[in-house]
Amino acid sequence: MARTAPGLTERFEAKFIPEALTGCWLWTGALSRLGYGNFWNGERVDCAHRVSYGLYRGPVGEKKVLHRCDNPACVNPHHLFLGTMSDNTQDMVRKGRNFVPREQNSRLTAEQVKRIRAAADTAELRALAEQFGITYSGAYKIRRGDRWGHV
């Protein structure tokens, strides 16, 4: 934010509560579907953790604001740091938060995925999709390697 709207800090501070055990400042205002706080910064709706960093630590610019605590609802500026999208991805992988499909969370087993990959033609692929209870599009993406790349 280039400038701070009058009363912005006071409005912001009314929308979080400190959590004693973790030190997180838990956002009590509106949340995105991913659990990040939303806040009207005087010009537009912005991510609450970005507003927090800007208010208490300094300008964010084009950088991403990452969480040390991995709590999307946290707006404690001491739990936040600046980074690039690449930094964010590396942080996610390092902390084990990257999504890799696992058989127990899927409709398919690794053996079924291998059968889909080996499908000779469209008709066979459609039949396997129906047999396994998935869409043709999903089966096509598996055969092409866009899904289940780890198998």
| request: Specify which of the listed residues (G58, G133, G83, G54) is among the small types (G, A, S), touching a residue at least 24 places away in the same chain (Cβ under 8 Å) and either under 19 Å from I17 (Cα atoms) or in the same structural domain as I17 (by TED's automatic domain parsing) (or both). | output: G54
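Of the residues A110, A127, A118, A123, which is in contact with a helix residue (DSSP H, G or I) (Cβ under 8 Å, 6 or more places away or on another chain), of a type in the set (A, V, I, L, M) and surrounded by fewer than 18 Cβ atoms within 10 Å (Cβ to Cβ)?
Of the residues listed, the single one that is in contact with a helix residue (DSSP H, G or I) (Cβ under 8 Å, 6 or more places away or on another chain), of a type in the set (A, V, I, L, M) and surrounded by fewer than 18 Cβ atoms within 10 Å (Cβ to Cβ) is A110.
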| said: Tell me yes or no: at least one residue of the stretch 36-50 is among the aliphatic types (A, V, I, L, M), at pLDDT 95 or above and under 30 Å from E13 (Cα atoms). | reply: yes
| Can you name the residue in the stretch 12-28 that is of a type outside the set (G, A, S) and surrounded by fewer than 16 Cβ atoms within 10 Å (Cβ to Cβ) and is also farthest from V45 (Cα to Cα) among such residues? | L21
| task | Please give the number of the condition K64 fails out of (1) out of contact with any Gly (no Cβ under 8 Å at 6 or more places or on another chain); (2) under 30 Å from K141 (Cβ atoms). | result | (1)
| Filtering the stretch 48-63 down to residues that are among the hydrophobic types (A, V, I, L, M, F, W, C) and surrounded by 20 or more Cβ atoms within 10 Å (Cβ to Cβ), which residue is farthest from G7 (Cα to Cα)? | A48
| Which of the residues that make up the stretch 44-90 are closer than 17 Å to W27 by Cα and in a loop (DSSP other than H, G, I, E, B)? | R68, C69, D70, N71, P72, A73, V75, N76
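The values are calculated or read from the model by the stated rules, or taken from the named source; none is laboratory data. Note that the coordinates shown come from a computational prediction; the quantities given were computed from them, not determined experimentally. For neighbour counting, all protein chains shown are included, and Cβ atoms are generated from backbone atoms with ideal geometry for every residue, glycine included.
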